[in-house]
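**Q** This is the structure I have questions about; it appears just below.
The values are calculated or read from the model by the stated rules, or taken from the named source; none is laboratory data. From a predicted model like this one, the values you see are computed outputs, not experimental measurements. Because the Cβ atoms are built from the backbone with ideal geometry, glycine has one as well, and the counts that use them run over all protein chains shown. Note: areas computed on protein heavy atoms with side chains; ligands, DNA, RNA excluded. Shrake-Rupley method; radii C 1.70, N 1.55, O 1.52, S 1.80 Å.
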Amino acid sequence: MTGSPVEEAISRTHREEWARVVASLARRFGDLDLAEEAAADAWVAAVERWPRDGIPPNPGGWLTTTATRRAIDRLRRELKRDAKQEAASLLVDDSPLAPTGPVQDDRLRLLFTCCHPALALEARVALTLRLIGGLTVAEIARAFLVQETTMAQRITRAKAKIKAAHIPYRVPSETDVRARLAGVLAVVFLIFNEGYLATYGDEPLRADLSDEAIRFGRLLHALLPDDGEVTGLLALMLLTDARRAARVDDGGELVTLGEQERARWDAALIREGHVLVRECVDAVAAGGAPPGRYQLLAAINAVHTQARSASATDWGQVVTLYDRLVALDPSPIVRLNRAVAVAERYGAARGLAEVDEVAAALVGYHALHATRADLLRRLGREGEARAAYDRALALTDNPAEQAYLARRRADLVG
C-alpha cells in the first residue's frame, strides 16, 4: 500500500537530498552533530508543513534553507550574544566559498572528512553510512553483523571523538585523500551492498543507494584514475549492478545468479566494467602493485558476466581468484563465498565441508544457512536442508529473499 503523494515526496526527497543537506551544513558550520540535528529538524518541519502548504517547487532548497535556519536557532540558544550575532549573520552571508581543493563535491568532501584516521575504521564507515548514505542505525548494524545498540554507541563515540580531538572540517589535501582512501572505499561498497540487497524495509532492492554508491565511485575514479582499487571498486559495482533487472522476478522473488535471464543484464554497464577490469590487469602487468580486494572481486564478476550461461562459467578461474582473495582477506564471509565456488567446481560435498569450517563464525548470518541449505538439498539431506532454510528465513527481512527461501524449502519432498 502506497502513501499519499506528499508522503511519497517526503520519502523521495529524503533519499535524494539527505546527504546534500547534511554535507552543506557540515561545511558551513563545522559541526556534525549540529548538521545532522538541523537536517532532522528540517524533515520534521516538512512532515508538518508540506501536507498543509503543499510540496515546494524546490524541495531540496527548501530543506537546506530550513535546516540552516534551525542550525542558527540552535547556535543562538547555545552561544553568547556576540557569537549568536555572528552565527545569525551566516544566514545572509553571500561571501564566496573557500577554494575547494582536490575534492569538489560537498558530499564527497564530507565522506573524506568522516573517514579521518583518528577514528577506527569501523567508526569511520559507520559514521559515514549514517551521515552520507542516510542509512538507519539498524541498517548499518546489519551491514556489520552487530547489535543495533552496539552500532548506536559506536556512532555516538565517533562523533564525540571528532569533537574532543578538534578534528577540522576542512577540505582534504592530496595526502589526506590517500590516507583515508581505504575507509572511503569501504563506505562506498557498504552503501552499494545495502542497495544491492536491502536488509531493512519493504523493498528488496534500493536502487537509490546503489546509484549513489556508483556516483561516488565515478567521482573517486575521476579524482584518482590511476589507483587500482578505486578502479576495481567502480568496476565491481558496475558489473554487479548490471544484473539488477534480472535479480527479482515479477512475483517479487529473488532470482539467483545461476537462474537469471542474462538477456536482461545491462550490456553497456558490463562493457564499461570489463574495460575497467582490463585497465587493472594491464596496470599490474606493467609492473604496478598487486591487485587488492576490490580488483579481485571485480575480476570474479567479470568471469561471471563473460559467460553466456551459468553452465559456461569458468569456475576454476573463480576459485583461483578467490584463493588470491583469501590470501589478502581470510575473513569468514570471503571463505564462505569461496566455498560456493568450490561447490560448483568440485561438488556439493566438498563445498559443504568448507562452509562448515566457517559456520561457527557466521552463525547469525543468513547467507551461511541459505548456502548450507542449498548444498544439503543437492546432497539429498532434505531434513537438514529444511532446518537450514528455516534458520535462514528467520535471519533475513528482505522480502525477495524470503520468497525465494520459502519456495526452495517448500520444494523439499523428504
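**Q** Which residues, counting only those in segment 200-252, are loosely packed, with under 15 Cβ neighbours inside 10 Å and within 21 Å of VAL303 (Cβ to Cβ)?
**A** ALA245
**Q** Of the residues that make up segment 338-357, is at least one among the basic types (Lys, Arg), open to solvent by less than 70 Å² (accessible area, probe 1.4 Å) and in contact (Cβ under 8 Å) with a residue 12 or more places away in the chain?
**A** Yes - at least one qualifying residue is present in segment 338-357.
**Q** Can you report the number of residues in segment 253-265 which are under 16 Å from ALA298 (Cα atoms) and buried (at least 18 other Cβ atoms within 10 Å of the Cβ)?
**A** Residues that pass the stated criteria total 0.
**Q** Consider segment 266-287. How many of its residues are surrounded by 17 or more Cβ atoms within 10 Å (Cβ to Cβ) and more than 12 Å from GLY228 (Cβ to Cβ)?
**A** The total comes to 5.
**Q** Please determine whether any residue of segment 288-297 is open to solvent by 20 Å² or more (accessible area, probe 1.4 Å) and among the small types (Gly, Ala, Ser).
**A** Checking segment 288-297: at least one residue is open to solvent by 20 Å² or more (accessible area, probe 1.4 Å) and among the small types (Gly, Ala, Ser).
**Q** Of all residues in segment 31-54, which are surrounded by fewer than 17 Cβ atoms within 10 Å (Cβ to Cβ) and closer than 19 Å to PRO5 by Cα?
**A** Result: VAL44, ALA45, VAL47, GLU48, ARG49, PRO51, ARG52, ASP53, GLY54.
**Q** Which condition number does VAL103 fail, the rest of (1) under 30 Å from ALA158 (Cβ atoms); (2) modelled with pLDDT of 75 or more; (3) surrounded by 17 or more Cβ atoms within 10 Å (Cβ to Cβ) being met?
**A** Checking VAL103 against (1) under 30 Å from ALA158 (Cβ atoms); (2) modelled with pLDDT of 75 or more; (3) surrounded by 17 or more Cβ atoms within 10 Å (Cβ to Cβ), the one that fails is (2).
**Q** Now, a different point. How about segment 21-47: which of its residues are charged (D, E, K, R) and in a loop (DSSP other than H, G, I, E, B)?
**A** Result: ASP31, single match.
**Q** Test ALA182 against the stated conditions and say whether it is open to solvent by 10 Å² or more (accessible area, probe 1.4 Å), part of a helix (DSSP H, G or I) and of a type in the set (A, V, I, L, M, F, W, C). Outline the logic, then answer.
**A** Details: open to solvent by 10 Å² or more (accessible area, probe 1.4 Å): yes; part of a helix (DSSP H, G or I): yes; of a type in the set (A, V, I, L, M, F, W, C): yes.
Spelling it out, ALA182 is indeed open to solvent by 10 Å² or more (accessible area, probe 1.4 Å), part of a helix (DSSP H, G or I) and of a type in the set (A, V, I, L, M, F, W, C).
**Q** Which one is surrounded by the fewest Cβ atoms within 10 Å (Cβ to Cβ), of the residues in segment 301-323 that are among the β-branched types (Val, Ile, Thr), free of Cβ contacts under 8 Å to residues at least 40 places away in the same chain and assigned to a helix (DSSP H, G or I)?
**A** Filtering first and then ranking leaves THR320.
**Q** I'd like the full set of residues that are open to solvent by less than 40 Å² (accessible area, probe 1.4 Å), modelled with pLDDT of 80 or more and in a helix (DSSP H, G or I), limited to segment 113-124.
**A** CYS114, ALA123, ARG124
**Q** Taking interchain pairs and intrachain pairs at least six residues apart, which have beta carbon atoms under 9 angstrom, with the first residue in segment 368-395 and among the hydroxyl-bearing types (Ser, Thr, Tyr) and the second surrounded by fewer than 23 Cβ atoms within 10 Å (Cβ to Cβ) and not in a helix (DSSP H, G or I)?
**A** Close Cβ pairs satisfying both conditions: TYR389/LEU412.
**Q** Another one. Only residues that are under 15 Å from ASP33 (Cα atoms), surrounded by fewer than 19 Cβ atoms within 10 Å (Cβ to Cβ) and either at pLDDT below 80 or not β-branched (Val, Ile, Thr) (or both): list them for segment 137-162, please.
**A** Correct list: ALA152, GLN153, ARG157, ALA160, LYS161.
**Q** State yes or no: is ASP202 in contact (Cβ under 8 Å) with a residue 60 or more places away in the chain and either acidic (Asp, Glu) or under 30 Å from ASP397 (Cβ atoms) (or both)?
**A** Criteria met by ASP202.
**Q** List the number of the failed condition for ALA165; all other conditions in (1) modelled with pLDDT of 80 or more; (2) open to solvent by 40 Å² or more (accessible area, probe 1.4 Å) hold.
**A** (1)
**Q** Assuming LEU368 fulfils every condition listed in (1) more than 22 Å from THR320 (Cα to Cα); (2) part of a helix (DSSP H, G or I) apart from one, which condition is it?
**A** (1)
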